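Asker: Let me give you the structure first, and then I'll get to my questions.
Nothing in this text is a laboratory measurement; each read-out follows from the coordinates by a stated rule. Being a predicted model, the structure only gives us computed values, none of them experimental. Cβ placement follows ideal geometry from the backbone for every residue including glycine, while neighbour counts extend to all protein chains displayed.
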Amino acid sequence: MSQPDDVAIRAKHDPALAMPLDEKHEHTADHHLPVYDGHDKNHGAFEREEEDAPTEEEMRTLRHVSDKIPWNAFTIALVELCERFSYYGTTVVFTNFIQQERPANSRSGAGGADGQSGALGRGQRASTGLGTFNTFWVYLLPLFGAYVADTYWGRYKTICVAVGIAMVGHVLLVVSALPSVIDNPNGALGCFAVAIVIMGIGTGGFKSNISPLVAEQSRNTYLRVDTLPSGERVIVDPAVTSSRIYMYFYLMINIGALIGQITMVYAEKYVGFWLSFLLPTCVFCLCPIVLVVCRKRYVRSPPQGSVLSKAMHTFIFAQKGRWHLNPVATFKHLNDGTMWEGAKPSNIAPENRPRWMTFDDQWVDEVRRGFHACSVFVWLPLWWLCYNQINNNLVSQAAVMKLNGLPNDIVNNLDPLALIILIPICDMLIYPALRKARINFTALKKITFGFFTGALAMIWACIIQYYIYKHSECGKYAAGKGCEPSDINVWAQTGSYILIALSEIFASITGLEYAFTKAPKNMRSLVMSVFLFTNAISAAIGEGFVSLSEDPLLVWNYGSVAIIATFGGCCFWLQFRGLDAQEHELNQLPPGKMYADQERVEPLTPAELQKRRESLADNA
C-alpha cells in the first residue's frame with residue numbers, strides 16, 4: 001500500500017486482459033440511465049464526452065466547481081436527519097441516566113427546574129464506560145452491515161432491515177426508563193444494556209450504507225469542462241460534488257442532532273427519561289415512510305457478490321516474493337512502486353493466473369485505491385478520541401460549573417449549532433474562495449487541520465478543568481458529593497465546542513468524502529465501514545482513559561488527548577502528504593470489471609482477437 005504505487009497505473013485497462021487473449025467472457029453489458037445535469041447534454045453514469053474532458057493545462061488553470069445535486073439525495077439526507085435525531089436525542093441523556101442518582105421526589109428521574117436529573121446512580125466511571133462501549137459497538141457493526149450490503153442485499157434493502165432492527169432497540173430503551181422499571185435499578189440497567197446492543201446492530205447496518213447511497217445519487221463521475229452563464233469556463237468536478245453533498249448531508253445530521261438533543265434534555269429535566277426516549281422513537285418512525293415513498297426514485301447499486309475475498313487474494317498476491325528476513329529489504333520491495341503492477345492480469349502469463357483472477361487491470365487499480373483509502377484512516381482513531389470527549393467528560397465537566405438553571409447536558413448542543421452555522425460558511429464562502437485563489441485545499445490537508453483543531457479543543461477543556469479545580473471549594477474533587485458548583489460560567493466551554501465543530505468539518509466530513517471517492521464502486525459500503533470503524537477503535541482506546549475520567553485526574557485526561565491528537569496529525573501528514581499530487585488521478589480511475597468463473601469463457605474468433613489487439617495498440 002505504498003504511495004509510489006499510485007504513480008504506476010499506466011498499464012492497459014481492457015476487460016480482455018483479465019483472461020487469455022484467445023478467450024472471452026459471457027456477461028451482459030451494463031445499462032446506464034441518462035442523467036440530466038442542468039445542461040443541454042446528458043451524460044451516462046460512466047460515459048465520458050472526450051470533447052468535454054479537460055486538458056492538463058485546463059486542469060491547472062480552471063476553477064473546479066460542483067455539479068447540480070439531485071433532489072433525491074436530499075430525501076436520503078432527511079432519513080439521516082430523523083435517524084440522527086433519534087440517536088443523539090437518546091444518547092444525550094445516557095450520562096445522566098446512568099451516572100446520577102434518581103431525585104428523592106421524582107419517580108421518572110426528572111430533576112425539575114433546580115434539580116439534577118438522574119436514574120441509576122452508577123457514577124461517572126460507569127457512565128463513561130457504558131457510553132464508550134456504545135460508541136464502540138455502533139461503529140464496529142458497520143463492517144458487518146457493509147459486507148451484507150455489498151454481497152447479498154444491496155444498500156437500500158440493508159438500510160430498510162437495519163431500520164426495523166433499530167426500532168426494536170428503541171422500544172426496549174423506552175421500557176428501561178419507565179418509572180416502574182427504574183424502581184429496580186439492576187433490572188433497568190439490564191434492559192438498557194440489551195436495548196443499546198440491539199440499537200447498535202441496527203445503527204451498524206444503517207450507517208455503513210446511508211452515506212454511500214446519498215452520494216451515489218449524483219452519477220456524473222468524470223471531470224468535464226463547462227461554461228457558466230457569466231462566461232467563465234470551469235471544470236465540473238465529481239470530487240467537489242461529493243464534497244458538497246457530504247457537507248449538506250452532515251448539515252442535516254447536525255440539524256437532527258441539535259433538535260433532538262435540546263428537546264430531549266428538557267424532556268428529561270421536566271418530565272422524565274421515558275419521554276426523552278419515546279419522542280426520538282416516534283421521529284425514527286418517519287425513516288421507513290420516506291424510504292418506501294421514494295424507493296423508485298433512488299439510484300441503487302445492486303449487490304455484486306463478495307469482493308472482499310478477491311480483494312484480499314489480490315493484496316496478498318501483490319506482495320508475493322517481496323517479504324524477506326531483512327526488514328530493510330522488505331520495506332524497499334513493498335514500496336518500490338511496482339507492487340500492484342505485479343497483480344494485474346496483463347502482467348501474468350495466462351497459464352500462471354490463479355483461478356480467482358477473473359477481473360481486469362482496472363479492477364486491480366480500484367482495489368489499490370481502496371486499500372490506500374483504508375490506510376489513510378489508520379490515524380483517525382486519535383482524532384475521534386478528541387471528539388468523543390463531548391459525549392461524556394465535557395457533559396460531566398458542565399455539571400460542576402455555574403449553570404444558572406440550564407441542564408448540564410444542554411451545553412454540548414453548541415457543537416451541532418456551530419456546525420449548522422459553519423458548514424454553509426465553508427461551502428459558500430471559504431472553500432470557493434480557496435478554489436478561486438487556486439489554493440488546493442485537498443482532502444488530506446483538511447484532515448490534517450482537523451487533527452490540530454481537535455487538539456486545540458482539548459487544550460481549551462484542559463485549561464477550563466484547571467480553573468474549575470482552582471476555584472472549587474473541594475479543590476481537585478469538584479464533583480464530590482456536597483460540593484457546590486464552581487463559580488465559572490458553563491458557557492466558558494464554548495471554545496471547546498466550536499473548535500471541535502471545525503475539526504469535524506475538516507476531518508469527519510472529509511473522511512466521508514474520501515471514503516466514497518476512493519472506494520471501488522462495489523466496495524463503497526465496505527470502505528465506508530472501515531472509516532466508521534475508526535471510531536470504534538477510538539472507543540476501545542478510550543476505555544484505557546476511563547481511569548482518568550474522574551477527579552482529580554481530568555486535567556491529565558484532556559491534556560493527554562490533546563498531545564495524542566497533535567502527534568496523530570503530524571504522523572498523518574508526514575505519511576500521506578505524497579498522495580496530494582495524485583488526488584485527481586486517483587479520483588478519475590475508470591471502473592474495473594470482475595467476471596464469472598473461468599469455466600464460463602468462450603474463445604474469441606480470429607477477427608475479434610485482431611480487433612482487440614489493434615484497439616490495445618491504439619490506446620497504448
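Asker: I need the phi-derived Karplus couplings for the stretch 414-430: 6.51 cos²θ - 1.76 cosθ + 1.60, θ = phi - 60°, integer Hz, Gly and Pro marked x.
Answerer: 4, 5, x, 5, 4, 5, 4, 7, 7, 4, x, 4, 5, 6, 9, 10, 5
Asker: Let me ask something additional. Keeping to pairs on different chains or 8 or more places apart, tell me how many lysine pairs in the stretch 426-525 have Cα atoms under 20 Å apart.
Answerer: Step by step, the pairs that qualify in the stretch 426-525 add up to 5.
Asker: Can you pull a Stokes-Einstein diffusion coefficient for the stretch 155-291 at 20 °C (1.002 mPa s), Rh from Kirkwood over Cα pairs, as a whole number of µm²/s?
Answerer: Here the translational diffusion coefficient equals 121 µm²/s.
Asker: Which value results for Rg/Rh of the stretch 249-345 when Rg is the Cα radius of gyration and Rh the Kirkwood radius based on the inverse mean 1/r?
Answerer: 1.34
Asker: Still on this structure, please answer the following. More than 17 Å apart: what percent of Cα pairs in the stretch 295-384 qualify?
Answerer: Everything past 17 Å amounts to 61 percent.
Asker: Additional query: How compact and how long is the stretch 466-567, expressed as Rg and Dmax of its alpha-carbon atoms in Å?
Answerer: Computed over the Cα atoms of the stretch 466-567, radius of gyration and Dmax are 18.6, 59 Å.
Asker: In the stretch 286-352, how many lysine pairs have Cα atoms under 19 Å apart, counting only pairs 8 or more places apart or on different chains?
Answerer: Number of lysine pairs found: 4.
Asker: Just the Cα atoms of the stretch 111-204, one point each, no solvent: what log10 I(q)/I(0) does Debye give at q = 0.19, 0.21 Å⁻¹?
Answerer: -0.91, -1.02
Asker: If you don't mind, there's one more thing I want to ask. What list of ³J(HN,Hα) couplings, whole Hz, do you get for the stretch 329-338 from phi and the Karplus terms 6.51, -1.76, 1.60, once you set θ to phi - 60° and write x for glycine and proline?
Answerer: 5, 4, 4, 5, 6, 7, 10, 8, x, 10
Asker: Give a quick list of trypsin sites (Lys or Arg not before Pro) in the stretch 265-366 that DSSP marks as loop, anything other than H, G, I, E or B, with at most 11 other Cβ atoms within 10 Å.
Answerer: Lys320, Arg355
Asker: Which value in Å does the Kirkwood hydrodynamic radius of the stretch 310-453 take, with 1/r averaged over all unlike C-alpha pairs and then inverted?
Answerer: Kirkwood radius, the stretch 310-453: 20.2 Å.
Asker: While we're looking at this one, here's another question. Test of the criteria: in the stretch 340-425, which GluC sites (Glu not before Pro) are in a DSSP loop and have at most 16 other Cβ atoms within 10 angstrom of their Cβ?
Answerer: Listed in order of number, the matching sites amount to none.
Asker: Something else now. For Val65, what residues show an amide H to amide H distance below 5 Å, using hydrogens built from the backbone and excluding near sequence neighbours?
Answerer: Long-range HN contacts for Val65: Ile235, Val236, Asp237.
Asker: Compare the peptides 110-121, 375-386 by average per-residue count of other Cβ atoms within 10 angstrom and give them in order, highest first.
Answerer: Descending mean neighbour count gives 375-386, 110-121.
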